[in-house]
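The values are calculated or read from the model by the stated rules, or taken from the named source; none is laboratory data. What you are looking at is a predicted structure, and each value in this text was computed from that prediction instead of being measured. Ideal geometry is used to build each Cβ from the backbone, glycine not excepted, and the neighbour counts take in all protein chains shown.
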Amino acid sequence: MLRVFIAAAALGCANAHAEFLMADSSFRQNSEGKMYCSAEVKKGDVVMGMPMAVSTAQVMFNSQNNTIHFELAGEPGEYVFIADGGATFADGGCKSTRSTLDGVKVIVPAGVAESQVTFRVVHGNCGEPPSPCQIYTTDPFSLSTLKFMA
């Protein structure tokens, strides 16, 4: 099985999978010395030995059950959803602001407008050996800009 290692480690080397972006550990920090939950993981960050690029991957929202879905042609590899602006996931790490589960439920607290919260997907599909490998991020999007599922 092809694996993607998504982690910003010192000197651009990676030694982790997408799940490491969802848990803090004092012995595993990114190249800026931050634990993963407080790292932005944004376009241009060096991940897997290459600057992260912008992706046009399809993200969809099912408004009937408030779930978010990731679609990518071919083999999607690994990915992590990142929520910002007050939204959380029903099942996730980093205080429920990140999730690697397709179809995870999105929670927008009462009093927070859906247009205020944003989401991104960081993804990649690397072979062995995994580095260097291109990792991607979508531009931030709100629920109102997503394609809706029936």
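The table for this structure:
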{"quantity": "Ala73 vs. criteria modelled with pLDDT of 90 or more and either of a type outside the set (S, T, N, Q) or under 17 Å from Leu146 (Cα atoms) (or both)", "calculated": "no"}
{"quantity": "Single match in Phe141, Phe61 (criterion: under 29 Å from Gly33 (Cα atoms), among the hydrophobic types (A, V, I, L, M, F, W, C) and touching a residue at least 24 places away in the same chain (Cβ under 8 Å))", "calculated": "Phe141"}
{"quantity": "Filtered residues of region 120-139 (kept if part of a loop (DSSP other than H, G, I, E, B) and either modelled with pLDDT of 90 or more or within 11 Å of the chain's Cα centre (by Cα) (or both))", "calculated": "Asp139"}
{"quantity": "Identity of the residue in region 81-98, out of contact with any Asp or Glu (no Cβ under 8 Å at 6 or more places or on another chain) and part of a strand (DSSP E or B), that ends up farthest from Glu40 (Cα to Cα)", "calculated": "Phe89"}
{"quantity": "Asp84 vs. criteria over 14 Å from Arg120 (Cα atoms) and at pLDDT 90 or above", "calculated": "no"}
{"quantity": "Search result, residues across region 99-126 that are of a type in the set (A, V, I, L, M, F, W, C) and within 20 Å of Asp45 (Cβ to Cβ)", "calculated": "Phe119, Val121, Val122, Cys126"}
{"quantity": "Among residues of region 99-117, those that are assigned to a loop (DSSP other than H, G, I, E, B), over 13 Å from Phe141 (Cβ atoms), more than 16 Å from the chain's Cα centre (by Cα) and in contact (Cβ under 8 Å) with a residue 12 or more places away in the chain, counted", "calculated": "3"}
{"quantity": "Output for region 95-118, where each listed residue is closer than 14 Å to Asp84 by Cβ, crowded, with 16+ Cβ neighbours inside 10 Å and touching a Gly at 6+ places or on another chain (Cβ under 9 Å)", "calculated": "Arg98, Ser99, Val108, Val117, Thr118"}
{"quantity": "Any chance Tyr36 is surrounded by 15 or more Cβ atoms within 10 Å (Cβ to Cβ), at pLDDT below 85 and among the hydroxyl-bearing types (Ser, Thr, Tyr)", "calculated": "yes"}
{"quantity": "Tally of residues being within 24 Å of Gln134 (Cα to Cα), among the aromatic types (Phe, Trp, Tyr) and either over 15 Å from the mean Cα position of the chain (by Cα) or not in a strand (DSSP E or B) (or both) across region 60-80", "calculated": "0"}
